[in-house]
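These notes concern the structure reproduced below.
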Amino acid sequence: MSQSDAWPPVWRAPGMSPLLLLTAAGFAGYAALLPIAPLWSTRGGAGSAGAGLVNGAMLLATVATQGLVPRLLRRHGLGPTLSAGLILLGGPSMLYLVSDGLAWIVVMSVLRGLGFGVLTVIGSTAVASLVPPARHGSAVGAYGAAIAVPQLVLLPAGPWLSESVGFWVVFLLGSSPLLGVVAVPRLARALREGPGERDRSAEPGPTSRATTAGDTSRARQLVPVLGPPMLLLLGITLPGGALLTFLPQMSSEAAATTAGLALFTAMTALSRWGFGGLADRYGARVFLAPLVLVTVAGLGLAALSVVDPDSTRASWLLLAMLVVGATYGGLQTLTLVLTLTAVRDDEYPTASAVWNIGFDAGTGLGSVLVGALAAGWSFSSALAVTAGISLLTLPLAVGRRRAARPL
């Protein structure tokens, strides 16, 4: 029997259950409002460019926060930092109802973006710290499923609920990150008692001069190693974020919109989970180039399906959403595994911040870029541009780089 056969399911590792629970609660609030906050702004008179600014502002605030999270963790600890992040993400949701004016919506979205930045960095840091490196793929897959399953339910349900019941129901669902606060103490305790923390506490500390020199040298090593996975991730999250944000406006058929979002998020959940195990078994890099090429083909099909804004080719659109959903989930898992493999365990917060910046910068840029291009040209042309951007990342998927993790 191999060692991997003897391992218990990854979600039974100490601390994984509270991590998955609070992650699901946090991303439920994120997913509920991803298409709805922009839609709320159009009700107040904003055009496609203004609607794109809503998620763009949120995710730019997210990116700005993510780089600060390692410092916040050192200063305040995981429990207070993560609790504050969940409160910021969920707390402003019902406040959208105060006004459908664009300025108010952007302010609420920026506040949520601050909390989302905290949640994303701490989540992917914790998932790497709770299991040994040989199980990172499976743990990242489980973590990815906890992110994707709420999106599977809420992304397609949000537009329908807002039309059939009212926006207030979706904004109430957007408050779900507040429920995740109850799981924070259990996660913090598991991380304090984990083997990685005990190992670090048993090691003698280096001198301050050696630490400074080593940190500077290490930073230079990490730039070329962490950069390519981040750019690959940006190449898929940019079009993925655009599809999630604008599909209700791209499609002329409500049924196709609902089914397309459901297919996209279902394939994202399945591929995030499935590619985790495959990465543990075969390595992550072998799958990168095929997934990039499939992404480009799927985006091309999506662009063709919405050429006529008044008559969507529903079957083409559904196939495109299925294909891009699979690559969207797979590349997220694979790039996170590569990022974590490249660093030492004490560098997980930094690696997590870099990966999440790539994720959310791509999603935010996709929202802003596609909204602006659609305002001047069309959604079909905007999707074609995102396909070209994804294709530009292919050399990064083909190239081979040595991991920076020391022996």
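Taking a point 7 Å from the Cα of VAL286 along the Cα-to-Cβ direction, the residues of region 120-146 with backbone N closer than 18 Å to it are 134-138.
For LEU392 and VAL107, FRET efficiency with R0 = 56 Å and r from the beta-carbon atoms, rounded to 0.05? After rounding, the FRET efficiency stands at 0.95. A simple spin-label model places pseudo-atoms 7 Å from Cα toward Cβ; at SER99 and ARG344 they are separated by 5.0 nm. Per-residue ellipticity at 222 nm computed for the chain from its helices equals -26500 deg cm²/dmol, with DSSP H segments shorter than 4 residues left out and the rest contributing -39,500 (n - 2.57). What percent do you get for the relative contact order of region 1-119 when only Cα pairs under 8 Å and 6+ apart count? 33 percent. Expressed as a whole percent, the accessible surface of the chain that belongs to carbon and sulfur atoms is 66, based on a 1.4 Å probe.
Axis angle, to the nearest 10 degrees, between helix 254-282 and the longest C-alpha principal axis of the chain: 20 degrees. Applying 1/(1 + (r/R0)^6) with R0 = 22 Å to the Cβ-Cβ distance of TRP168 and ALA255 gives a FRET efficiency near 0.35.
Between the helical axis of 184-193 and the longest alpha-carbon principal axis of the chain there is an angle of about 30 degrees. In this structure ARG285 has an accessible area near 50 Å², from a 1.4 Å probe over the protein heavy atoms. Principal-axis analysis of the Cα atoms of the chain puts helix 314-341 at an angle of about 20° to the longest axis. The accessible-area ordering, largest first, of the residues ARG344, ARG74 stands as ARG74, ARG344, per a 1.4 angstrom probe. Candidate values (1) 40; (2) 47; (3) 34 were compared with percent of Cα pairs over 31 Å apart computed on the shown model; the agreeing label is (3). Accessible area ranking (1.4 Å probe, heavy atoms, ligands and nucleic acids excluded), largest first, for VAL106, VAL140: VAL106, VAL140.
Relative contact order of the chain, taken over Cα pairs closer than 8 Å and 6 or more residues apart, is 26 percent. Normalised by the number of residues in region 92-149, the mean separation of alpha-carbon contacts (under 8 Å, six or more apart) gives a relative contact order of 22 percent.
Accessible surface area normalised per residue over the chain is 41 Å², counting heavy atoms of protein chains with a 1.4 Å rolling probe. Of the residues ASP280, ASP346, ranked by 1.4 Å probe accessible area with the largest first, the sequence reads ASP346, ASP280.
With 0.36 nm allotted per residue and the present C-alpha distance subtracted, the HIS76-ALA375 stretch has 103.3 nm of extension available.
The values are calculated or read from the model by the stated rules, or taken from the named source; none is laboratory data. All values derive from a computational prediction rather than experimental measurement. Ideal geometry is used to build each Cβ from the backbone, glycine not excepted, and the neighbour counts take in all protein chains shown. The accessibility values were calculated without ligands, DNA or RNA, using every heavy atom of the protein model including side chains. Shrake-Rupley method; radii C 1.70, N 1.55, O 1.52, S 1.80 Å.
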